Amino acid sequence: MNYLHQHIGPNIILLFTGVFVITLIIQLYFILNIHRRLAFFKPAKSTEPINIPISIIIAARNESENLFKNLPKILEQKYSHFEVIIVNHQSIDNSKDILEAFSKQYKNLKIVELAKDKHIRPGKKLPLTIGIKAAQYEHLIFTDADCEPNSNQWIENMAAQFNKGKDIVLGYGPMIKSKGILNKLVRFDTAWIGLNYLSMALNNAPYMGVGRNLAYTKSAFFAVNGFKSHYSIASGDDDLFIQEAVKNNNYSIEISPETSMYSPAKENMNDWIKQKSRHYTTAPKYPFIKKLLLAIYPVSLILTWICFVSLVQLSYHELYLTVSMFVLYILKWWIGARCLIKLEEKKLALFFPFWDLFYAAFIPILFVIAKNKKNATW
């Protein structure tokens with residue numbers, strides 16, 4: 001028995017042990033029950049012909065370069081019956097000229113101009129609503145101007161979920177790989193968010209999608225009065241809306257590699273923090289149970305490590321503690337890596353335990369920094 005053990009009371013040791021056991025169980029629950037669903041997810045293949053007419057909606061603001069680069073890849077998708085609606089939201093670049101040029105080449109392109117007005121609220125909710133009202137068809141797919149489809153089967157695969165009678169389809173959008181530690185962090189952040197919202201959806205607890213790869217019906221949108229209940233904040237079109245619209249298993253996920261929509265990652269920390277700060281504005285409006293589910297994993301992970309290190313320092317059952325942590329991290333590696341591979345982050349999967357711990361410690365710090373910044377506008 002070492003010096004620390006002699007001078008710390010048994011009640012403190014018992015407390016650390018109790019917390020360690022509880023947090024270890026929580027970690028195992030997330031790994032073996034929640035994350036496992038995504039790790040071993042195998043979508044049912046549909047053999048029925050897919051002929052649902054689709055409206056693609058993109059809200060774009062000063063996105064001339066991205067529209068020029070990415071729009072043809074959407075307009076030339078391998079699908080029989082679809083339109084693409086671009087809501088040109090108060091742009092002051094040459095987006096209008098580019099869109100008009102494309103409209104002469106692609107007859108299924110519809111342009112909706114939203115003139116500059118100081119009274120328009122920040123965010124995409126108004127242009128998205130205008131796009132939805134302008135859509136010719138019931139079934140809608142959403143993405144962003146800076147997104148690039150991974151194949152010409154994006155629309156077909158998303159529409160296949162509508163073919164199964166679903167009203168909402170949660171897709172996925174990875175970040176484009178580049179050099180640097182920030183790119184790896186942003187990619188892991190994106191993959192971790194994807195791992196969580198897709199796993200939760202598979203566990204009948206959907207709470208968000210991503211606006212760069214999301215689909216739903218007009219009926220689902222208007223059934224909850226669109227974005228009315230959270231129109232006062234810029235964000236929420238892909239999480240608060242989803243929480244209101246999902247009901248009676250009316251949703252599905254679509255994560256085949258051919259359906260991914262790739263986006264460029266932020267290239268400096270300040271821009272990324274601004275982006276995160278905008279996303280965090282919706283968190284206070286989440287139901288308590290969803291806040292708890294999202295917070296309990298990182299909190300329990302940090303507490304597990306604190307208790308483990310403390311008890312080892314006290315020379316308290318080091319063998320049992322070490323074996324417990326070893327088993328936990330073998331399971332984390334196995335399940336977490338499988339999830340990341342499904343989300344097209346094979347290289348990050350190799351170091352999943354490191355990223356898992358680093359992210360759990362880093363995100364609370366980032367949250368505090370982001371909350372102290374002025375909310376970004378769109």
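Here, each number is a calculation from the coordinates, and none is a lab measurement. This is a predicted model, so every value here is computed, not measured. When we count neighbours, we look across all protein chains shown, and the Cβ atoms used for this are built from the backbone with ideal geometry, even at glycine.
Numbers for the structure displayed
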read-out: Spin-label pair N51/E267, simplified geometry with 7 Å Cα→Cβ offset, distance in nm; value: 4.7
read-out: Protection proxy ranking of 226-237, 211-222, 290-301 - average other beta-carbon atoms within 10 Å, highest first; value: 211-222, 226-237, 290-301
read-out: With Cα atoms, 0 to 90° folded angle of helix 10-29 axis to the chain main axis; value: 30
read-out: Positive dipole terminus of the chain, leading residue within Y280, I132, S151 (C-beta point charges); value: Y280
read-out: Inter-probe distance in nm under a simple model that places probes 7 Å from Cα toward Cβ, at I22 and A44; value: 4.1
read-out: Cα centroid of the range 45-109 to Cα centroid of the range 304-349, whole Å; value: 45
read-out: Rounded to 10°, Cα long-axis angle of helix 318-342 versus longest principal axis of the chain; value: 10
read-out: Above-threshold pairs, the threshold being 32 Å between Cα atoms, out of K110/K164; K73/K266; K118/K291; K104/K166; K291/K342; K69/K133; value: K118/K291; K104/K166
read-out: The chain: angle of helix 95-105 to the longest principal axis, Cα-based, in degrees nearest 10; value: 60
read-out: Given charges at beta-carbon only (K, R positive; D, E negative), |dipole| of the range 54-281 in Debye; value: 300
read-out: Extended-chain gain in nm, criterion 0.36 nm per residue less alpha-carbon gap, Q90 and N152; value: 19.4 nm
read-out: FRET efficiency, 1/(1 + (r/R0)^6) with R0 30 Å, evaluated for A205 and K73 via beta carbons; value: 0.35
read-out: FRET efficiency for S315 and F351, using Cβ-Cβ distance with R0 set to 41 Å, rounded to 0.05; value: 0.85
read-out: Overall dimensions of the chain by Cα: Rg and Dmax, Å; value: 22.9, 82
read-out: Gain upon complete extension [N62, I12; 0.36 nm per residue less C-alpha separation]; value: 12.1 nm
read-out: Most mobile of I85, I255, I98 in a GNM of the chain (Cα contacts under 10 Å); value: I98
read-out: Among P364, Y262, L331 the positive-end extreme of the charge dipole of the chain (Cβ point charges); value: P364
read-out: Compactness relative to 2.2 N^0.38 Å, alpha carbon Rg of the range 59-155; value: 1.04
read-out: Signed unit charges on C-beta, dipole axis of the chain, positive-most listed residue I26, N70, I289; value: I289
read-out: Peptides 149-158, 45-54, 25-34 ordered by average Cβ neighbours within 10 Å, highest first; value: 149-158, 25-34, 45-54
read-out: Antiparallel %, DSSP beta bridges [both residues in the chain], to 5; value: 30
